[in-house]
1. What are the pairs, 6+ residues apart or on separate chains, where a residue within the range 1-25 that is assigned to a strand (DSSP E or B) and exposed (fewer than 14 other Cβ atoms within 10 Å of the Cβ) has its Cβ under 8 Å from a residue that is among the charged types (D, E, K, R) and modelled with pLDDT of 95 or more?
2. On the basis of being outside any helix (DSSP H, G or I) and aliphatic (A, V, I, L, M), does Leu181 make the cut?
3. Report whether or not Ala58 is aliphatic (A, V, I, L, M) and in a loop (DSSP other than H, G, I, E, B).
4. Name the residue, out of Asn189, Asn143, Asn161, that is part of a loop (DSSP other than H, G, I, E, B) and within 23 Å of Phe102 (Cβ to Cβ).
5. Filter the range 62-103 down to the residues that are more than 17 Å from the chain's Cα centre (by Cα) and within 20 Å of Asn140 (Cα to Cα), then identify the one that is surrounded by the most Cβ atoms within 10 Å (Cβ to Cβ).
6. Hey, among the residues in the range 104-133 that are of a type in the set (Val, Ile, Thr) and part of a helix (DSSP H, G or I), which one's surrounded by the most Cβ atoms within 10 Å (Cβ to Cβ)?
7. When the residues of the range 191-230 are narrowed to those that are more than 23 Å from Glu31 (Cβ to Cβ) and modelled with pLDDT under 95, which ends up surrounded by the fewest Cβ atoms within 10 Å (Cβ to Cβ)?
8. Residues that are part of a loop (DSSP other than H, G, I, E, B), polar (S, T, N, Q) and at pLDDT below 95: does the range 73-92 have at least one?
Amino acid sequence: MLINVKNLNKVYDNEGVITNALRGVSFDVKEGEFVAIMGPSGSGKSTLMQIIGFLDRATAGEYFFEGKNTKNFSDDDLAYLRNQKVGFVFQSFNLLPRTTVFENVELPLLYDERSQSRSSIEKKVREVLGSVGLAERINNFSNQLSGGEQQRVAIARALVNDPALILADEPTGNLDSKAGLQIMKILQNLNNEGHTIAMVTHETYTSEHAKRIISMMDGTIVKDELVKKRRIADGAERFLK
């Protein structure tokens, strides 16, 4: 089991104003799954993603990652997991301005404690850019790319460390429908290759590209089900029953 979450709670205290962002959330994610976590604003989905991605800690409950209880992990332990085990894809791309596509994608490797030669870094960057169809854009600056291309760079950056989990937060939120479909096709292809993906979205249409949907409301899981009629992103409207 890649992820095992047990009775997670998250409470924010803002000068005496208490907000219960998560209330007893429990679920598992197996290796190779493609899970969409969806719900309206304020449902707790983004808070849950931050905890799963080691960007925040739960107030109570347990989170097991690859069989290890992360409850008492140090900040350094969590930073290692963020860098080595999780690839992040954000709605706003989060690319470095005035830097090349290559430089954006290689960044996680520069923070890798494992020593790598310059040639091996270059090879890996070229491989992941090729996998998202951007091999010819490697020397372009990030601000020379369309929104869809920038998101593909972000996906390549998420892949470059061979993470155990890809976390995508509203990956199509800033894109038009055509570019959004291209991103979903890439994510589906990555999942077909064995990558585990957890995607946060508020859109039913987007969530139906996953294999499983966890629906949240008011900090709790209200539904967890397999997608019965899954959308297949191939440039045309198709479904997999």
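1. Correct list of pairs: Asn7/Glu62.
2. Details: outside any helix (DSSP H, G or I): no; aliphatic (A, V, I, L, M): yes.
No, not satisfied.
3. The answer is yes for Ala58.
4. Values: Asn189 fails: part of a loop (DSSP other than H, G, I, E, B); Asn143 fails: part of a loop (DSSP other than H, G, I, E, B).
Exactly one residue qualifies, and that residue is Asn161.
5. Across the range 62-103, the extreme among qualifying residues is Val101.
6. Initial filter on the range 104-133 (of a type in the set (Val, Ile, Thr)): 105, 121, 125, 128, 132.
Subset that is part of a helix (DSSP H, G or I): 105, 121, 125, 128.
Numbers: Val105: 27, Ile121: 17, Val125: 22, Val128: 22.
Checked the range 104-133; the qualifying residue surrounded by the most Cβ atoms within 10 Å (Cβ to Cβ) is Val105.
7. Checked the range 191-230; the qualifying residue surrounded by the fewest Cβ atoms within 10 Å (Cβ to Cβ) is Lys229.
8. If we filter the range 73-92 for residues that are part of a loop (DSSP other than H, G, I, E, B), which is where we start, we get 73-74, 91-92.
Restricting the remaining residues to those that are polar (S, T, N, Q) gives 74, 91-92.
Now narrow it down to the ones that are at pLDDT below 95: 91-92.
Yes, the conditions are met somewhere in the range 73-92.
The values are calculated or read from the model by the stated rules, or taken from the named source; none is laboratory data. Computed from a predicted structure; not experimentally measured. Glycine also receives a Cβ, built like all others from the backbone with ideal geometry; neighbour counts cover every protein chain displayed.
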